[in-house]
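Some notes on the structure that comes next.
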Amino acid sequence: MTTKQKIIITGATGRLGKIVANELEQHQNHQVIKWNHAAENLTDKNKIIAVFNEIKPNIVVHLAAAGATKNPEEIIAVNTNATETLAQLCQKIRARLIYTSTDMVFDGINPPFSETSSPNPINLYGKSKLAGETAIHHCTKNFLILRLATLYGVYSEDPTRDFFSKALHHLRENETIAAYDDEYRTPISYQRVTKIISELLLSEFTGTLHVGGHERLSRYEMCLEMARALNVSTNLVKPTKMSDQLSGRPRDLSLDTSLLQQLHLQNAKSCFKDELKFSLARVAP
């Protein structure tokens, strides 16, 4: 009888966490233990140690993160300190650690960024996630750091929660939406990232891997594709300049995902237009 892999997922109530948990629970040889930051305080080292001693996980998928809207203390506590604790505990019991980082560890100068590019974050969120990466390198050996590009494809009824939901809400109502035409990313869907995590879960690959789509797109271009997919006028999408409104945010965080493609995963290739249609079908009213 095959022994089940005990898998802890932090941030399991978040948008990515819910999809990853659901995907991994489909496998009979996986025993998924879902953590969320509210119920399991990831900044409480003693509590995390107690859980590790009880569960003795084989794999930890560390998705929990404090975003840029949180206070600085929480950002560092969750993104850096908790990550270090998890890395130390994983090394102690020889568990595999998968950590989702961000393209925000780069400064936006001289893209596209590969795994060998030198990180240089220019805001606290990026700095805290990079510090989490550094802690992992220092504390454990069997790890996988996934630097994720902009994610899309999960709709929230609250249009202020994320860019995808805001744009979808306005376009469905035939309302105008302003979008930056001077901020570039390599967007990838939540569903695609989930499939990649599932494939890499038990692999022998260790180190850092960039995970994003193969297209460099501005938010303006993304919104134009959304308008076309919804069969509404592209005139509803109005270009605006990030450089006129925001500071401390990189302008071009395009990721080079050549290494990801070299792994020949079944789910590595991502086309924004096709993925968008799939995502919109899942959130159809």
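Within the range 64-97, being crowded, with 23+ Cβ neighbours inside 10 Å and under 27 Å from Leu217 (Cβ atoms) holds for Ala65, Ala66, Asn79. Only one entry of Ala68, Ala12 meets the criterion of being farther than 23 Å from Arg192 by Cα and among the aliphatic types (A, V, I, L, M), and that entry is Ala68.
Residues in the range 204-232 that are over 24 Å from Val105 (Cβ atoms) and touching a residue at least 24 places away in the same chain (Cβ under 8 Å): Tyr220, Cys223, Glu225, Met226, Ala227, Ala229, Leu230, Val232.
Scan Ile59, Ile75, Ile48 and give me the residue that is of a type in the set (Val, Ile, Thr) and more than 23 Å from Leu151 (Cβ to Cβ). Walk me through it before giving the result.
Values: Ile59 fails: more than 23 Å from Leu151 (Cβ to Cβ); Ile75 fails: more than 23 Å from Leu151 (Cβ to Cβ).
Only one candidate passes the filter, namely Ile48.
For the range 110-129, the criterion of a residue being of a type in the set (A, V, I, L, M) and either over 28 Å from Asn81 (Cβ atoms) or in contact with a Ser or Thr (Cβ under 8 Å, 6 or more places away or on another chain) (or both) is satisfied by no position. Flag: Asp244 does not match the condition of being at pLDDT 95 or above and closer than 22 Å to Gly108 by Cα.
The residue pairs whose first member lies in the range 175-203 and is of a type in the set (Gly, Ala, Ser), whose second member is in a loop (DSSP other than H, G, I, E, B), and whose beta carbons are closer than 6 Å, counting only pairs six or more residues apart or on different chains, are Ser189/Gly153. Beta carbons closer than 7 Å, at least 6 apart along the sequence or on distinct chains, pair a first residue in the range 147-166 that is modelled with pLDDT under 70 with a second that is surrounded by fewer than 17 Cβ atoms within 10 Å (Cβ to Cβ) for Tyr155/Val283.
When Lys195 is tested against (1) in contact with a Lys or Arg (Cβ under 8 Å, 6 or more places away or on another chain); (2) of a type in the set (Lys, Arg); (3) within 15 Å of Val61 (Cα to Cα), only condition (1) is not met. Applying the condition of being modelled with pLDDT of 90 or more and surrounded by 14 or more Cβ atoms within 10 Å (Cβ to Cβ) to the range 46-63 and asking which residue is farthest from the chain's Cα centre (by Cα) yields Ile55.
Just give me the residues in the range 211-248 being surrounded by 17 or more Cβ atoms within 10 Å (Cβ to Cβ), closer than 26 Å to Gln191 by Cβ and out of contact with any Leu (no Cβ under 7 Å at 6 or more places or on another chain), in sequence order. Of everything in the range 211-248, those that are surrounded by 17 or more Cβ atoms within 10 Å (Cβ to Cβ), closer than 26 Å to Gln191 by Cβ and out of contact with any Leu (no Cβ under 7 Å at 6 or more places or on another chain) turn out to be Gly213, His214, Glu215, Arg216, Leu217, Ser218, Arg219, Tyr220, Glu221, Met222, Cys223, Leu224.
Report yes if Thr43 is out of contact with any strand residue (DSSP E or B) (no Cβ under 7 Å at 6 or more places or on another chain), modelled with pLDDT under 95 and under 22 Å from Ile9 (Cβ atoms), otherwise no. Taking the combined requirement at face value, the residue satisfies it. Looking only at the range 202-239, count every residue that is more than 24 Å from Lys129 (Cα to Cα) and among the hydrophobic types (A, V, I, L, M, F, W, C) and tell me the total. Selection size over the range 202-239: 10.
Residues that are touching a helix residue (DSSP H, G or I) at 6+ places or on another chain (Cβ under 8 Å), hydrophobic (A, V, I, L, M, F, W, C) and buried (at least 22 other Cβ atoms within 10 Å of the Cβ) do not occur anywhere in the range 115-129.
The values are calculated or read from the model by the stated rules, or taken from the named source; none is laboratory data. Not measured: the values here are computed from a predicted model. In this analysis, Cβ positions are derived from the backbone assuming ideal geometry, glycine residues included, and neighbour counts consider all displayed protein chains.
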